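Visitor: I have a structure I would like to understand better, so I am pasting it below and will then ask my questions one at a time.
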Amino acid sequence: MKVRDEQGNVVAVLSMVADLHEFYREWGKDPNTHSVEYSPQELRLMARRGIYTVADLPSLLGVTSDMAAINGHAMATLLGALQSATSVEELRAAMSPFTAPYVQYAEALDSGEAKMPYIEKGGLEVIMPEIQEVGTRVAQYFTTEQASP
């Protein structure tokens, strides 16, 4: 982060918010007369840390795991039904355990009663590049010496 004085001059470049408080204490200046600029990476990190104020890591992982398992189960059920169904009615019957909860969830999203982080972040257009970027980095990790046993 960059700290600027009243004239807009950069007076410090700091790596952490804690450093900012220490900087002002040592510098003896009023922090309200200066501006702080955060890089996009710093803003992203602060937003991610803020998530832990509304949910702890085990809860986040649990919800993610539950949703992945439900979606995996629904997909497996659909794929199995596609192999043997001879009508659309048979497909509907196979998916019936999932239909009502998914429809209710979609309605709650549409009404604003429920929210999804990816939608609040800007939708598919915003998150797909992030998914691709992170997925690529993880895949590359597995193809390097770092992941070798």
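The values are calculated or read from the model by the stated rules, or taken from the named source; none is laboratory data. Just so you know, these numbers come straight off a predicted model, no measurement behind them. Here Cβ is always computed from backbone atoms with ideal geometry, including for glycine, and neighbour counts include all displayed protein chains.
Visitor: Among G62, G72, G123, G112, which is small (G, A, S) and closer than 21 Å to R44 by Cβ?
Guide: Working: G62 fails: closer than 21 Å to R44 by Cβ; G72 fails: closer than 21 Å to R44 by Cβ; G112 fails: closer than 21 Å to R44 by Cβ.
Just a single option satisfies the conditions, and that option is G123.
Visitor: Can S96 be described as more than 22 Å from A69 (Cα to Cα) and out of contact with any His (no Cβ under 7 Å at 6 or more places or on another chain)?
Guide: So S96 fails the test.
Visitor: Kindly indicate the residue of the range 34-71 that is surrounded by 10 or more Cβ atoms within 10 Å (Cβ to Cβ) and β-branched (V, I, T) and also modelled with the highest pLDDT among those meeting that condition.
Guide: Per the stated criteria, the residue is I70.
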